[in-house]
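Chemist: Shown below is the structure under consideration.
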2 protein chains.
Amino acid sequence: MDSSDQLDATFSALAHPTRRAILARLAEGEATVNTLAEPFEMSLPAISKHIRVLEKAGLIKRGRNAQFRPCTLDAQPLAAVALWTDQYRHIWDVRFDAMDRILNNMKDAKDE
Amino acid sequence: MDSSDQLDATFSALAHPTRRAILARLAEGEATVNTLAEPFEMSLPAISKHIRVLEKAGLIKRGRNAQFRPCTLDAQPLAAVALWTDQYRHIWDVRFDAMDRILNNMKDAKDE
DNA sequence: TGATTAATTAACTAATTGGTTTAATAGTAG
DNA sequence: CTACTATTAAACCAATTAGTTAATTAATCA
């Protein structure tokens, strides 16, 4: 999977509120499928599928503990999202733009 | 559209390499549909549809100029993506975590 | 062993997505 | 008015998504 495919998978995994809610829950710590499903009105298999999407995108890892399959968050793919997004930060963030100019000035000064 | 729907739209708009490439091109400045379509092997209507997805997500704005419908980038929704992603930064970024502790210590010291 | 609990698989459905080709619209230029 | 250019709309198609219910697997517990 190249880095573009990885971004595809990450972005589309994040494009569903249920899956983002699952990640938010996992940010507080490991949880089982049943625990993750509890807040939702959906059936368990539906949650199971959402988990698989997140797993394929590399956003969660799964363990084994008796008949449980605990899920843990792996935020690494979000680092790639943050990097991608940062390419555009100067376009929306005036302060970032100013900071960017200052850093460039410092670099120019050093180069002289 | 609530902020969750907005994130849904933004993330799913970003979940396609063609659309990310279109945004990258627009970061260099306004462009017409034909210009945007040029690098791709796809048909023009296909590009037109991608543009509509981006427009609905609020990532591009369209103008009028004779028979052209120039597109411009609006990176604002990406700010929301960056904010969302930042919630998880301490989980992947050790340096961020350290910085966070330092800032908290400073705040604690000030409160005393 | 048999019952219970946790989770997944299978089979199905309705809606959406991403593409196509052909046709239509809107504006410009002769 | 006609022809050309830019863009979109319509109609279609195959694949994917997000959900369902019913059945199955796997592990524990009594």
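The values are calculated or read from the model by the stated rules, or taken from the named source; none is laboratory data. The structure displayed is predicted, hence computed values, not measured ones. Cβ sites come from the backbone with ideal geometry, for glycine too, and all protein chains shown count toward neighbours. Accessible surface is based on the protein model in full, side chains and every heavy atom, while ligands, DNA and RNA are left aside. Shrake-Rupley method; radii C 1.70, N 1.55, O 1.52, S 1.80 Å.
Chemist: What residues from segment A:50-94 fall in the zone where the backbone N is under 12 Å from a label point 7 Å along the Cα-to-C-beta line of residue A:42?
Modeler: In segment A:50-94, the label zone of residue A:42 (backbone N under 12 Å from the point 7 Å along Cα→Cβ) covers A:50-55.
Chemist: A follow-up question, please. Mind checking the alpha-carbon convex hull of segment B:3-87 and giving the volume per residue in Å³?
Modeler: Considering the Cα atoms of segment B:3-87, their hull volume per residue is 90 Å³.
Chemist: Can you show me the helix-derived [θ] at 222 nm for chain B, built from DSSP H runs with n ≥ 4 at -39,500 (n - 2.57) apiece and divided by the number of residues, rounded to the nearest 500.
Modeler: Taking each H run of at least 4 residues, the total per residue is -19500 deg cm²/dmol.
Chemist: What does the copy distance list look like for residue B:17, label position 7 Å along Cα→Cβ, in nm and ordered from shortest?
Modeler: Label-point separations across copies, in nm and ascending: 3.2.
Chemist: With θ taken as phi - 60° and the coefficients 6.51, -1.76 and 1.60, list the Karplus ³J(HN,Hα) couplings across segment B:26-43 in order, rounded to whole Hz; mark glycine and proline as x.
Modeler: Listing the rounded values in order: 5, 4, 8, x, 3, 8, 7, 4, 4, 4, 5, 6, 3, x, 9, 8, 5, 5 Hz.
Chemist: Which order, highest average first, do A:100-108, B:10-18 follow once you tally other Cβ atoms within 10 Å for each residue and take the mean per peptide?
Modeler: B:10-18, A:100-108
Chemist: Further question on the same structure: At residue B:87, with labels set 7 Å past Cα in the Cβ direction, how many nm apart are the copies from this one, shortest first?
Modeler: 2.5
Chemist: To continue, here is another question. Provide the solvent-accessible area of residue B:90, counting protein heavy atoms only and rolling a 1.4 Å probe, rounded to the nearest 10 Å².
Modeler: 80
Chemist: Another one. Rounded, prolate or oblate, given the Cα gyration tensor of segment A:18-65, with a/c below 1.5 counting as rounded?
Modeler: It is rounded, given that a/c, with a ≥ b ≥ c, falls under 1.5.
Chemist: Using the alpha-carbon centroid of each, what span in Å lies between segment A:1-53 and segment B:1-44?
Modeler: About 25 Å separates the Cα centre of segment A:1-53 from the one of segment B:1-44.
Chemist: Let me ask something else. Relative to the other copies, what are the label-point distances for residue A:49, with labels 7 Å from Cα along the C-beta vector, expressed in nm at one decimal and sorted shortest first?
Modeler: 2.2
Chemist: Turning to a different aspect of this structure: Rounded, prolate or oblate: which fits the protein assembly as shown when a ≥ b ≥ c are the square roots of the eigenvalues of the alpha-carbon gyration tensor, with rounded for a/c under 1.5 and prolate only if a/b beats b/c?
Modeler: Oblate, because a/c is 1.5 or more while a/b does not exceed b/c.
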